[in-house]
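The values are calculated or read from the model by the stated rules, or taken from the named source; none is laboratory data. Owing to the predicted nature of the structure, the values given are computational and were not obtained by experimental measurement. Cβ placement follows ideal geometry from the backbone for every residue including glycine, while neighbour counts extend to all protein chains displayed.
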Amino acid sequence: MHRFLAFLFLILTPIGLEGRSPNFVVIFCDDLGYGDLGCFGNPTIKTPNLDRMAAQGQKWTQFYVADPVCTPSRAALLTGRYPIRNGMTSAKRVVLFPDSAGGLPASENTIAEILKQKHYATAAIGKWHLGHLPQYLPMKQGFDSYYGIPYSNDMDKVQGSPNYRQNAVDPNYYPDINDYNVPLLENDKVIERPADQNTITERCTERAVEYIKDNRDQPFFLYLAHSLPHIPLFVSEPFRGRSLRGLYGDVLEEIDWGVGRILETIRNEGIEKDTIVVFTTDNGPWLAFKTHGGSAGPLRAGKGTTFEGGQRVPTIFWGPGRVKPGVVTGMGSTLDLLPTFAALAGAKLPARRKLDGYDLSRVLSGEAESPRRTFYYWARAELHAVRSGPWKLHVKQREPINYGREAPMDGPELYHLETDISEAYDVADTHPDIVKRLMKMLDAHKADTEDSLPDQLAARIK
Ligand code: MG
């Protein structure tokens, strides 16, 4: 009898494991650079928890966000579609502001809505930035609950408060929370204003920990979007003045502590074999803010630009038993999270919707190489560049620091990203055939996106 039970256990356990839909936790930072984590080469910022997460999971070295600023990048992650399709991009206003009337259209299908087909519990914690009016908040996009600052932490700036950019010369300049009158929301109610940003990372982390404990017995999707290290930088007392890197390093070390808390909770609750955690960020470092902005490491430029520093982001997938450890050099994108999670959960993709993501589930399990071979770079509703394999062709650029300005170009520029990670050597002149091929790809993509534009125009950033 015992042997029979043991046999039953043996055959049922793997079926049970595979049959359980995995939990998904996305930890999404704001303006964190490619070179800001220990495991991505930072020499002074200490990120032991993220380093361990990378060692136990997959470190992706060529992973992209679909746009180099907050609002469109977030819209793309949650919908698996370029912002030109989901309406969250504009030539006039880069992102949504507190006086904006728009938000992510209700007609868009988010990861949370897709997973609801499979009865997932869903929560959004942290920065939203896809519309702060009631009709655009997370609960209207498939999330059961929300807690966080609904837009960027530097908005609602109090008139006459200090000029941050000037003060950012001092790596330890500490701003005042009262200079930014941003609200903290619980679902659709303001519960604090100004939000005490000194403790925002800690409080969002603890909310996430409680959420995981409360939902351990059912599949869940937790979207934890920290509002930092976007300026103004704030950190809780125990982390202040610790890092050799100054305040920016302190902020990163608190985020790293939070990642440790979350992974530890997942293990303590015994759900580590059924949970996939993704760590990444919405765009590259905000270089205009000097030492208060991050570092793109070896990549050119930063936030707001379609150079690699604006859109290639440090990314880690973790999931003991589901994610095969290693370094992945194939391409990936936040656009791919929706189809990947849908595949792993056995959920259907939205019908009659053009998606721009690829299912990466077989890369996570170590069974296949990344299916993504192409990536298009958009900024302010304009197509700037395309990557095909190792080649990247730029037809438009923005200033590397002051990205409000379009940068003049003599003609298309071609870079081989595998041999020239810093986009330093334009080889367009010596490779006319490749320039021609990539130009055709840009034209085709433009034609493919134009037809989805008209019905979204009304909902665009305004
Ligand atoms: Mg950002």
Filter segment 19-41 down to the residues that are away from the ligand (no atom under 16 Å from the Cβ) and either modelled with pLDDT under 50 or touching a strand residue (DSSP E or B) at 6+ places or on another chain (Cβ under 9 Å) (or both), then identify the one that is nearest to V209 (Cα to Cα). V25
Taking segment 419-436 and keeping only residues that are surrounded by 11 or more Cβ atoms within 10 Å (Cβ to Cβ) and either part of a loop (DSSP other than H, G, I, E, B) or on the phi > 0 side of the Ramachandran plot (or both), one is left with D420, I421, S422, E423, Y425, D426, V427, A428, H431
Starting from residues that are basic (K, R) and under 23 Å from R372 (Cα atoms), keep the ones in segment 24-74 and report whichever is nearest to the chain's Cα centre (by Cα). R74
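Taking helices (runs of 4 or more DSSP H) that fall entirely within segment 42-133, which contain at least 1 residues that are within 16 Å of the ligand (Cβ to nearest atom)?
Correct list: 70-79, 83-86.
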Could you list all residues from segment 162-195 that are in contact with a helix residue (DSSP H, G or I) (Cβ under 6 Å, 6 or more places away or on another chain) and more than 20 Å from T291 (Cα to Cα)? D188, P194
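Do any helices (runs of 4 or more DSSP H) entirely within segment 304-381 hold 1 or more residues that are of a type in the set (A, V, I, L, M) and surrounded by 24 or more Cβ atoms within 10 Å (Cβ to Cβ), and if so, which? Give the steps one after another, and end with the answer.
Details: elements: 308-311, 337-345, 361-364.
Correct list: 337-345, 361-364.
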Only one of I177, I149 is farther than 22 Å from L115 by Cβ, more than 24 Å from the chain's Cα centre (by Cα) and surrounded by 15 or more Cβ atoms within 10 Å (Cβ to Cβ), namely I177
Identity of the residue in segment 277-303, away from the ligand (no atom under 16 Å from the Cβ) and surrounded by fewer than 21 Cβ atoms within 10 Å (Cβ to Cβ), that ends up nearest to R322 (Cα to Cα): P298
